[in-house]
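A short worksheet on the structure shown next.
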Amino acid sequence: MKYVLLYILFINIIGFLAMGIDKYKAKKHLWRIPEKTLFALAVIGGSIGTTTGMHVFHHKTKHWYFLWGMPLILIVQAGLILYLELRH
């Protein structure tokens, strides 16, 4: 369980930073982090970090698929965790 929590913490920090880095790169007209990568980070457990980063950095908030997709991934993950916990 300890390693799962460490993984969740780590992947959410990465997701948060990825949003900040991509915002910085967008302002500087540099190579960008692909949107697929940002969504992949959310799907593999970083949905809290990517959603928080999206709002903190005001990044991708005009794209409906980010504005709705990131929180939806978070809700699905929270529901899955709740379901698995209640099964025990």
- Item | In Å², nearest 10: area of ARG32 left accessible to a 1.4 Å probe | 90
- Measuring with a 1.4 Å probe in the full set of protein chains, what accessible area per residue, in whole Å², belongs to the range 9-54? 56
- Message: On C-alpha positions alone, give me the angle between the axis of helix 64-87 and the longest principal axis of the chain, in degrees, nearest 10.
- Response: 20
- Query: THR61 accessible area, nearest 10 Å², 1.4 Å probe?
  - Reply: 50
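Whole number please: convex hull volume per residue of the Cα set in the chain, in Å³?
On the way: hull volume 7.3 nm³, N = 88.
Dividing the Cα hull volume of the chain by its residue count gives 83 Å³.
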- Query: Nearest 10 degrees, 0 to 90: what angle lies between the long axis of helix 47-56 and the longest principal axis of the chain (Cα atoms)?
  - Reply: 40
- Order TYR3, TYR65, most accessible first, counting only protein heavy atoms with a 1.4 angstrom probe. TYR3, TYR65
- Note to self: C-alpha centroids of the range 33-54 and the range 57-88 sit apart, in Å, by 10
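Subtracting the Cα-Cα distance from 0.36 nm times the residue separation, let me have the gained length for TRP31 to HIS55 in nm, one decimal.
Working: separation 24, 0.36 × 24 = 8.64 nm, distance 2.14 nm.
My answer for the length gained is 6.5 nm.
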- Accessible carbon and sulfur surface of the chain relative to its total accessible area, %, 1.4 Å: 75
- If you line up the long axis of helix 2-28 against the longest principal axis of the chain, both from Cα atoms, how many degrees apart are they, to the nearest 10? 20
- Of all lysine pairs in the chain that are eight or more residues apart or on different chains, those with Cα atoms under 26 Å apart total 14
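The values are calculated or read from the model by the stated rules, or taken from the named source; none is laboratory data. Keep in mind that what you see is a predicted model, and the values were worked out from it rather than measured. Heads up: the accessible areas ignore ligands, DNA and RNA and are worked out on the full protein's heavy atoms, side chains in. Shrake-Rupley method; radii C 1.70, N 1.55, O 1.52, S 1.80 Å.
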